[in-house]
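Shown next, in structure tokens, is the structure this report addresses.
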Amino acid sequence: MPDFISLFISEIKKKKPLLEELLIKRGLNERPYIAEFIEKIWNNLSDTYDFTKKPTFAVDASQRTLSFSLGPYLIITQALAIGSNGYEKALVSIEPVVGSIPENQLGLLRDLLMQDLEIKLALQIVKENYPPFILLIDGSLLSRISYLLRYLHSFEDENYINLAYNVLMNTLDLINASKNGIDLISISKSSRNTFFFQILSIDNPDIEKNISYKPTDSEILSIFTWEPGYTTPLLIGAEMGLGHKQLEIIEKNSDLQKVLSNTQAFYTFYIRLMPRDQLLRIDFPANIVGEKANILSVNYFWGKDINMAQILGILKKNCVNSKIYQTPLYFVDQIVRIKREPDLERYLMILKKEFPGFIELDRSQGRFY
């Protein structure tokens, strides 16, 4: 039998310098100006916040991809919206996909189909309920806009390009609906953005020479903070928020320019609700706190004087523990998740009944679906 343990230990020793840099992050600890930067933007959480209690809604989706022995894929997506007023709405979609689709496009399509159902449900909440209310979305809405702009040039199939455009327009409609008394808050459990490193690089250009990789915002914050608190909100849009290539796409499309010129910028910040807990990234349309800048007119600006009591109060009120970081989103996630048993088994049973003799998973997937 091969001795994989010995080989693993040998590989650790060989890669130890790189592992120390990425895991222990000595390069960041050794630069005091990074600590000073974080100290300026890190704020303590109060025990109480005055905020208006409103009905709260949450939207999330779940997905499974089946690969069949005859070649095609089948993407099953289900989404759920719930409200504290008893509101409930669900959607399910199945997307048959040719087996020859490139693997990278299959991954993009899965993400696009999830976003499609989530945004459709969120718009139904807006249509069927009277504001004021709170609407929680899983994942960064600002990042969604960025991804969707890129998706317009990522697919070979015209149908998927059209789908990406429709999802983008629906997402922008949802964001603009927040002008009418809707507190639209998107919450990311993890974030790979590097806003802080980009800002630090402006005043400290040598940082890119001294540190061999771009640390994420969460990495930097985890080194220099551990207590409950939040970062000063960053008003963000344009290149910092959307990306350079995305701006090039917008510049070549007058329709996109017009729509985005009427779409508000976002505030984004990170929050830790319990000691030593992982950070959450929070995005919300800027008009919720009275800011009127559009997403193309501002690159980044620190919102030091905005009133965050309502947003912070919502987040603190709905936090139970590190696992149930926001009750409505946790609840909807637990219900909507497609489990192998019984959910996927039932879906497969229905498929086999409709297509007897043709439905068989390929061997590579039989153990894992």
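The values are calculated or read from the model by the stated rules, or taken from the named source; none is laboratory data. Every value quoted in this text rests on a predicted model; they were computed, and no experiment measured them. Methodologically, a virtual Cβ is constructed for each residue, glycine included, from the backbone with ideal geometry; neighbour enumeration extends over all protein chains shown. Surface areas here come from the heavy atoms of the whole protein model, side chains and all, with no ligands, DNA or RNA. Shrake-Rupley method; radii C 1.70, N 1.55, O 1.52, S 1.80 Å.
One table, with the values for the structure above:
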{"read-out": "Residue match in the stretch 342-349 (condition: of a type outside the set (Lys, Arg), touching a helix residue (DSSP H, G or I) at 6+ places or on another chain (Cβ under 8 Å) and either without any contact (Cβ under 8 Å) to a residue 60 or more places away in the chain or open to solvent by less than 40 Å² (accessible area, probe 1.4 Å) (or both))", "value": "no"}
{"read-out": "Residue in the stretch 55-62 that is among the aromatic types (Phe, Trp, Tyr), open to solvent by less than 50 Å² (accessible area, probe 1.4 Å) and under 24 Å from the mean Cα position of the chain (by Cα) present", "value": "yes"}
{"read-out": "Tally, over the stretch 65-92, of residues that are open to solvent by 30 Å² or more (accessible area, probe 1.4 Å) and modelled with pLDDT of 90 or more", "value": "9"}
{"read-out": "Helices (runs of 4 or more DSSP H) contained entirely in the stretch 173-253, each with at least 3 residues that are of a type in the set (Lys, Arg) and out of contact with any Gly (no Cβ under 7 Å at 6 or more places or on another chain)", "value": "none"}
{"read-out": "Contacts under 6 angstrom Cβ, first residue in the stretch 217-243 being aromatic (Phe, Trp, Tyr), partner part of a loop (DSSP other than H, G, I, E, B) and open to solvent by 10 Å² or more (accessible area, probe 1.4 Å), 6 or more apart", "value": "TRP226/ARG276"}
{"read-out": "Matching residues, the stretch 307-344, being among the aliphatic types (A, V, I, L, M), outside any helix (DSSP H, G or I) and in contact with a Phe, Trp or Tyr (Cβ under 7 Å, 6 or more places away or on another chain)", "value": "ILE324"}
{"read-out": "Yes/no for ASN318 being within 23 Å of ILE134 (Cβ to Cβ), modelled with pLDDT of 90 or more and either open to solvent by less than 60 Å² (accessible area, probe 1.4 Å) or among the polar types (S, T, N, Q) (or both)", "value": "no"}
{"read-out": "The stretch 136-170, residues that are outside any helix (DSSP H, G or I) and either over 15 Å from the mean Cα position of the chain (by Cα) or basic (Lys, Arg) (or both)", "value": "LEU152, HIS153, SER154, PHE155, GLU156, ASP157"}
